[in-house]
Amino acid sequence: MSSNEKSDTIYSQYFTIIQDVINRMAQNSFLIKAWTITLIAAIFVLTFSIVNSLIFGVLLAITVIFWVLDSYYLKLERVYRRLYKTKVEEYNDNQTRERMKLFDMDYEPYKKFEQKIPRIMVSKTEILFYLPVIGALICFLIISIILMF
């Protein structure tokens, strides 16, 4: 195995590590969405006969907390994608390849280029999931109040 082949193997392993982090962030986001639906459904089923603004508030708080957490992981995923893209560009440029720090996972320099969490919260992927959940909670609250009278 030549030194170029060894070098390419090392870079390949480095890029695989970054891709694994990106996949982990995406998996975290998926799990948060699953837990959101699971907790809301469980609490709703267990307390359906009790119309209480406190229960509605808890369900709404759970949704908002998971929404913020999901947006945080989406932000991290985007930052690591930017890190990956930059490192691949450095690798493809022979001049910068020699100065490239291998296995550097510091994402701090790339955070400044990414949107803030409140802005990510209103992105299409987040709004299309969480807004209907909040809308359904409001509908169930209204229906419960109407059925109570």
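Just so it is clear, none of the values below were taken in a lab; they were calculated from the coordinates. Source: prediction; values computed, not measured. Cβ: placed from backbone, ideal geometry, glycine included. Neighbour counts: every protein chain shown.
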Choice from S123, S71, S29 with maximal GNM fluctuation in the chain (Cα, 10 Å cutoff): S123
Theoretical ellipticity at 222 nm over the chain - DSSP helices of four or more residues, -39500 (n - 2.57) apiece, nearest 500: -28500 deg cm²/dmol
FRET efficiency for I65 and A136, using Cβ-Cβ distance with R0 set to 22 Å, rounded to 0.05: 0.80
In the chain, lysine pairs with alpha-carbon atoms under 24 angstrom apart (chain gap of 8 or more, or interchain): 28
For L102, L76, order by how many other beta-carbon atoms lie within 10 Å, fewest first: L102, L76
The chain - percent relative contact order, Cα under 8 Å, separation 6 or more: 32 percent
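Cα-based Rg of the chain per 2.2 N^0.38 Å, rounded to two decimals?
1.50
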HN-Hα J in Hz across region 19-28 - Karplus 6.51, -1.76, 1.60, θ = phi - 60°, x for Gly and Pro: 4, 5, 5, 4, 5, 5, 5, 5, 5, 4
Local electrostatic count, S71, Cβ distance below 10 Å [Lys/Arg +1, Asp/Glu -1]: +1
Extension gain (nm, one decimal) between Q19 and I43, 0.36 nm per residue minus Cα-Cα: 5.0 nm
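Any idea what the dipole of the chain comes to, in debye rounded to 20, about its Cα centre with Lys/Arg Cβ at +1 and Asp/Glu Cβ at -1?
300 debye
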Positive-end residue, the chain charge dipole about Cα centroid, Cβ charges, pick of L83, M121, A42: M121
Neighbourhood net charge (15 Å Cβ-Cβ; Lys/Arg +1, Asp/Glu -1) for K101: -4
